[in-house]
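Colleague: Here it is, the structure in full.
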Amino acid sequence: MDFLKLIQSLDELLYEVMSWLIFYPVTLWRALAKPLKMMDYSEAELGDPAERQYTDTLSPPLFLLLTLVICHAIELSIVGQNAVILRRTGLGGLVNDDSTYILLRVAFFSLFPLIMAARLVRARNVKLDRVPLKAPFYSQCYVTAPFALMVSTSGILMQLKPGDSPLWGLALLIAALLWFGSLQILWFAQHLRIGRLRAALHASRAMVEALIAFVAISLIFVGI
């Protein structure tokens, strides 16, 4: 019986992993083409029974995780091993292989949905706990994944030597920040039912907090 259960579990795991080949591109396209609708879709799906949630897309945290795995694979194939793994100085010594580096990147980029979600909950004057935080965190993961893809691609371009690739990398980074920041303004305005100027203040505050945390932790791990 235990062996049969193991086989059934492997069957389900294989199907789930192979389905990502279809649903990852679908989710990425929707997140890029209609990001605000995807954020609304995410919150609506959480109201369904667990077995019916995200049946035609990837769940937001999984989407973010797979995006960062793909980003790392692209970086390895084009640039090579990241300096954080090679240097092993300071806390960077804890990041000694690709798996721990991917987990570190997931933690870094998860700061953005976490801080954005927390800012929304506080702006609503709701007690900050797991229940009200989950829905905005999940919805933010849908737009953080393309943002992470653009930021990672810009980083790869900046590491390439020939031509004007560093300038293209900088341009892509600026475009990513503008895209992500604009979405946050619209998102805060929609959910708090306020004007875009006040929404921009909320979005800017959360963005600055996330960037400060991102940079600070990055400097600690690279040993600067």
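Colleague: Suppose the filter is open to solvent by 50 Å² or more (accessible area, probe 1.4 Å) and in contact (Cβ under 8 Å) with a residue 60 or more places away in the chain; does residue 156 pass it?
Modeller: The answer is no for residue 156.
Colleague: With the condition kept exactly as written, say whether any residue in the range 56-77 is among the hydrophobic types (A, V, I, L, M, F, W, C), open to solvent by 70 Å² or more (accessible area, probe 1.4 Å) and either at pLDDT 90 or above or more than 18 Å from the chain's Cα centre (by Cα) (or both).
Modeller: no
Colleague: Now a separate question. Name the residue that is surrounded by the fewest Cβ atoms within 10 Å (Cβ to Cβ), counting only residues in the range 96-133 that are outside any loop (DSSP other than H, G, I, E, B) and of a type in the set (D, E, K, R).
Modeller: 130
Colleague: Output yes when any residue across the range 157-175 is within 20 Å of residue 60 (Cα to Cα) and not aliphatic (A, V, I, L, M), and no when none is.
Modeller: No: the range 157-175 contains no residue that is within 20 Å of residue 60 (Cα to Cα) and not aliphatic (A, V, I, L, M).
Colleague: Looking at the range 151-167, is at least one residue assigned to a helix (DSSP H, G or I), on the phi < 0 side of the Ramachandran plot and of a type in the set (Asp, Glu)?
Modeller: Looking through the range 151-167, none of the residues is assigned to a helix (DSSP H, G or I), on the phi < 0 side of the Ramachandran plot and of a type in the set (Asp, Glu).
Colleague: Next question, about the same structure. How many residues are β-branched (Val, Ile, Thr) and either within 17 Å of residue 185 (Cα to Cα) or crowded, with 16+ Cβ neighbours inside 10 Å (or both) when one looks only at the range 24-43?
Modeller: Within the range 24-43, residues that are β-branched (Val, Ile, Thr) and either within 17 Å of residue 185 (Cα to Cα) or crowded, with 16+ Cβ neighbours inside 10 Å (or both) number 1.
Colleague: What pairs can you find where one residue is in the range 198-224 and in a helix (DSSP H, G or I), the other is open to solvent by less than 50 Å² (accessible area, probe 1.4 Å) and at pLDDT below 75, and their Cβ atoms are less than 8 Å apart, with a gap of 6+ or different chains?
Modeller: From the range 198-224, the pairs are 221/84; 221/92; 221/95; 222/84; 222/92.
Colleague: While we're here: Yes or no: residue 168 at pLDDT below 90, open to solvent by 40 Å² or more (accessible area, probe 1.4 Å), of a type outside the set (Ser, Thr, Tyr) and out of contact with any Lys or Arg (no Cβ under 7 Å at 6 or more places or on another chain)?
Modeller: Against the criterion (at pLDDT below 90, open to solvent by 40 Å² or more (accessible area, probe 1.4 Å), of a type outside the set (Ser, Thr, Tyr) and out of contact with any Lys or Arg (no Cβ under 7 Å at 6 or more places or on another chain)), residue 168 qualifies.
Colleague: Given the criteria of a type outside the set (A, V, I, L, M) and over 16 Å from the mean Cα position of the chain (by Cα), does residue 155 qualify?
Modeller: Taking the combined requirement at face value, the residue does not satisfy it.
Colleague: On to the next question. Consider residue 194 against the criteria (1) assigned to a helix (DSSP H, G or I); (2) surrounded by fewer than 16 Cβ atoms within 10 Å (Cβ to Cβ): it satisfies all of them except one. Which criterion is unmet?
Modeller: That leaves (1) as the condition not met.
The values are calculated or read from the model by the stated rules, or taken from the named source; none is laboratory data. Only a predicted model underlies this, so the values are computations on that prediction, with no experimental measurement involved. Please note: Cβ atoms are built from the backbone with ideal geometry, for glycine as well, and neighbour counts cover all protein chains shown. Just so you know, the surface numbers come from the protein's heavy atoms only, side chains and all, with ligands and any DNA or RNA stripped out. Shrake-Rupley method; radii C 1.70, N 1.55, O 1.52, S 1.80 Å.
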